[in-house]
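Here is the structure we will look at.
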Amino acid sequence: MMSAALQLPFSFAFAGEAGFNNFLASQPNAAVLAHLQHIEQSPGRLSWLWGEAGSGKSHLLQALCQLHPAAIYLPMQKLLAYEPQCLASLQHSDFVVIDDIALVFGKREWEEQLFALCNHLLASDGRLVCTASAPPAQLPFVLADLQSRLQFALVYAVHPLDEAGRAQVLLQRASARGIELKDEVVSYILARHPRSLHELMAVLDQLDRQALAEQRRITIPFVKACLNW
């Protein structure tokens, strides 16, 4: 989310439904959830969330931005369409959130700009929160200074939900949209679909649109026909 006072060359939207209230936190994720919900009380200025794809890292970052509207959300996958110098436009910001930060590790110009951003945020008492697939010590940096700086981040692993947890998330999201899903339909979808919650929500979107268009309930035969399963 962008502050209106900043003149940035990019603007990235995120899922408005991604909040802490609908992040299903298993016990292993209790610490990271508590940290993000009360991050303004943390003495640590750098926070690093890591975990496998589909574990909920992006959801947590977007929930953090919902809680702190001045935070700037940067999905690195999309930011790569710009030159590394675009990060210099963040010099007046004090809360930056970067999703998939490690996508630019190994690229010297990007690492130099990230190092400058880290130094700015630390000097101005700002915050950087980022996600990656692994902790800093396990990633391939070119710039030793950046690696050294990020080694001081508060590091939290984000653990994926088990099947019961994913079923609960699917039922919650469906209910929020007014969609009735029977348990057997949820079990059928989960048995045939990847673990990624992002992809699972995309399946729910597709089923919702098709069910509305055809004025039908979402049943196993409907799912089979809609998704060609």
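The values are calculated or read from the model by the stated rules, or taken from the named source; none is laboratory data. None of these values were measured; they are calculated from a predicted model. We place every Cβ from the backbone using ideal geometry, glycine too, and count neighbours over all the protein chains shown.
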Flag for C130 being more than 30 Å from Q27 (Cα to Cα) and either assigned by TED's automatic domain parsing to the domain that holds L46 or out of contact with any Ser or Thr (no Cβ under 8 Å at 6 or more places or on another chain) (or both): no
Qualifying residue in the range 141-159 (condition: over 30 Å from L90 (Cβ atoms), in contact (Cβ under 8 Å) with a residue 24 or more places away in the chain, in contact with a Lys or Arg (Cβ under 9 Å, 6 or more places away or on another chain) and not hydrophobic (A, V, I, L, M, F, W, C)): no
Subset tally (residues that are in contact (Cβ under 8 Å) with a residue 40 or more places away in the chain, among the hydrophobic types (A, V, I, L, M, F, W, C) and outside any helix (DSSP H, G or I)) for the range 21-59: 7
Search result, residues across the range 176-215 that are under 29 Å from T131 (Cα atoms) and small (G, A, S): A176, A191, S196, A202
Checklist (1) in a helix (DSSP H, G or I); (2) among the charged types (D, E, K, R); (3) more than 17 Å from the chain's Cα centre (by Cα) applied to E180, failing item: (1)
Selection within the range 65-75 - in contact with a strand residue (DSSP E or B) (Cβ under 6 Å, 6 or more places away or on another chain) and among the hydrophobic types (A, V, I, L, M, F, W, C): C65, A70, A71, I72, L74
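Just for helices (runs of 4 or more DSSP H) wholly inside the range 71-171: which have at least 2 residues that are under 28 Å from H198 (Cα atoms)?
It comes to 76-79, 108-123.
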Selection within the range 143-167 - farther than 29 Å from S42 by Cα and surrounded by 14 or more Cβ atoms within 10 Å (Cβ to Cβ): R166, A167
